Amino acid sequence: MALPTADPTQRVLLIGVVLRGTTSMLTIDDSLDELEQLANTAGMSVVGRMHQKLSIPNPSTYIGSGKIADLIDLIETTAADAVVFDSELSPRNQKELEKLIGDNIQILDRTALILYIFASNANTREGGLQVELAQYEYRLPRLTRQWTHLARQAGGASGRTGSIGGVGLRGPGEKQLEVDRREITRRITKLKKELQKVRKHRSHHRKRRQSSKVSVVAMVGYTNTGKSTLLSRLSDTDILIANRLFATLDPTTRRIDWPSGCSFLLTDTVGFIQKLPSTVIAAFRATLEEIVEADLLLHIIDVTHRCCIDQAHVVMQTLDEIGVPKIPIITVLNKTDMLNDMKIPDTLINEFPDGIPISGMSGHGIDKLVSAIQNHLSASMVEVTVSLPYINGDLISMFHQYGIDVDAQHGEESVTLSGELPVSVARRFSRYRCR
């Protein structure tokens with residue numbers, strides 16, 4: 001499947017499907033509104049939309065034959081040259097839709113759109129590797145008549161310069177497709193090895209941070225909720241701030257030293273979104289580990305968005321999917337400066353009774369937020385008693401390094417250690433805890 005060409009004159013139609021008997025975080029209209037934001041971020045012009053209710057997707061064309069006829073009519077009426085589906089299409093869906101609609105109309109899905117935007121916003125080597133891996137894993141099962149020779153794909157940043165996957169380009173036959181499949185498979189293997197090195201590099205950085213005994217706070221939230229603005233406000237540094245989806249892709253960490261004496265490392269992570277492709281989650285594993293290793297999470301919510309409660313549920317669901325352990329969370333109700341009289345609606349107060357209202361832009365509520373962070377971090381020590389075999393010298397050293405008021409009782413084969421540990425460190429000793 002081809003990815004967008006980033007041609008600002010490209011006219012696109014949006015297609016959504018409502019499956020009967022299933023529940024969704026967002027209504028079909030809200031979901032298509034979000035898809036339109038994605039299309040606009042990719043430089044497209046949306047000229048129309050339509051949706052269909054189905055019991056199950058058509059296994060061949062995803063939507064029904066009658067709706068395809070309506071779609072063809074709408075394409076002619078609007079002079080659209082691309083169609084974007086709100087769900088991920090299978091390779092078979094892609095092939096059959098191209099046959100029925102025509103090769104001159106580009107068929108895309110939500111995943112292709114997100115991958116293109118990620119490729120456009122990846123400004124570091126790590127981000128480029130992650131996006132390239134996700135693109136190749138997405139493209140591999142979709143190699144059909146449309147392809148671009150892989151020599152043009154080297155470097156991982158091809159998404160920024162034009163079409164990925166090609167539009168209207170034809171291969172000489174099955175032989176070339178097999179060559180491309182082998183080349184993509186080889187490239188995926190290489191990218192995974194390079195990203196494994198990135199993971200090790202990040203692991204070393206985290207160990208250095210842990211040795212300094214400075215707590216780590218990670219911001220999570222839906223895309224475009226103002227995380228970068230808040231990081232800039234707290235750290236008093238210039239960070240890219242833009243009112244568009246996925247403006248920040250690569251994680252950024254800053255040391256925060258507040259006048260009250262509160263010090264911590266604050267990390268801005270990639271924003272979440274509903275239907276986040278599994279290939280993206282897998283490729284960004286190294287980045288998402290920053291969340292897993294944090295002492296405290298700040299869940300940033302845009303209170304001005306009419307779907308902010310649903311967005312918050314998507315974030316919590318995604319955290320569960322990527323295996324984030326039970327880390328303390330502070331709910332931050334951001335962008336209050338854009339509300340009438342800065343008044344939080346009762347529905348949000350009922351949904352997030354412990355939420356802290358702030359404005360990352362104006363600075364309103366920041367002192368209260370930092371005070372809450374300080375209180376959480378100071379209370380994030382837990383009493384731990386473990387029995388460690390002497391062969392685990394690294395863990396014994398770690399306990400002494402991070403522990404407070406450590407008591408050691410030495411036995412013949414193991415040592416029993418008691419003391420207070422930070423929650424993030426205590427998790428490493430779970431299998432050795434004494435009952």
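The values are calculated or read from the model by the stated rules, or taken from the named source; none is laboratory data. Not measured: the values here are computed from a predicted model. Every residue, glycine among them, receives a Cβ derived from its backbone with ideal geometry; neighbour counts consider all protein chains shown.
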Exercise for the section: Kindly indicate whether Ile396 is outside the structural domain of Leu266 (by TED's automatic domain parsing) and surrounded by fewer than 12 Cβ atoms within 10 Å (Cβ to Cβ). Expected result: no
Exercise for the section: For Gly66, indicate whether it is surrounded by fewer than 22 Cβ atoms within 10 Å (Cβ to Cβ), outside the structural domain of His305 (by TED's automatic domain parsing) and either touching a helix residue (DSSP H, G or I) at 6+ places or on another chain (Cβ under 9 Å) or among the basic types (Lys, Arg) (or both). Expected result: no
Exercise for the section: Could you list, in sequence order, all residues of segment 379-435 that are over 23 Å from Lys326 (Cβ atoms), modelled with pLDDT under 90, of a type outside the set (A, V, I, L, M, F, W, C) and touching a Gly at 6+ places or on another chain (Cβ under 8 Å)? Expected result: Asp405
Problem - Only listed residue being of a type outside the set (A, V, I, L, M, F, W, C), surrounded by 15 or more Cβ atoms within 10 Å (Cβ to Cβ) and either farther than 21 Å from Thr229 by Cβ or not assigned by TED's automatic domain parsing to the domain that holds Trp258 (or both), chosen from Ser387, Ser359 - result: Ser387
Completion exercise
The condition from (1) surrounded by 16 or more Cβ atoms within 10 Å (Cβ to Cβ); (2) among the hydrophobic types (A, V, I, L, M, F, W, C); (3) not assigned by TED's automatic domain parsing to the domain that holds Ile281 that Val406 misses is numbered (1)
Problem - Thr61 being free of Cβ contacts under 8 Å to residues at least 60 places away in the same chain, among the β-branched types (Val, Ile, Thr) and within 26 Å of Thr279 (Cβ to Cβ) - result: yes
Exercise for the section: Consider Thr9 carefully, then state whether it is without any contact (Cβ under 8 Å) to a residue 24 or more places away in the chain and either surrounded by fewer than 15 Cβ atoms within 10 Å (Cβ to Cβ) or out of contact with any Asp or Glu (no Cβ under 6 Å at 6 or more places or on another chain) (or both). Expected result: no
Exercise for the section: Might you check whether a residue that is polar (S, T, N, Q) and without any contact (Cβ under 8 Å) to a residue 24 or more places away in the chain occurs anywhere in segment 29-36? Expected result: no
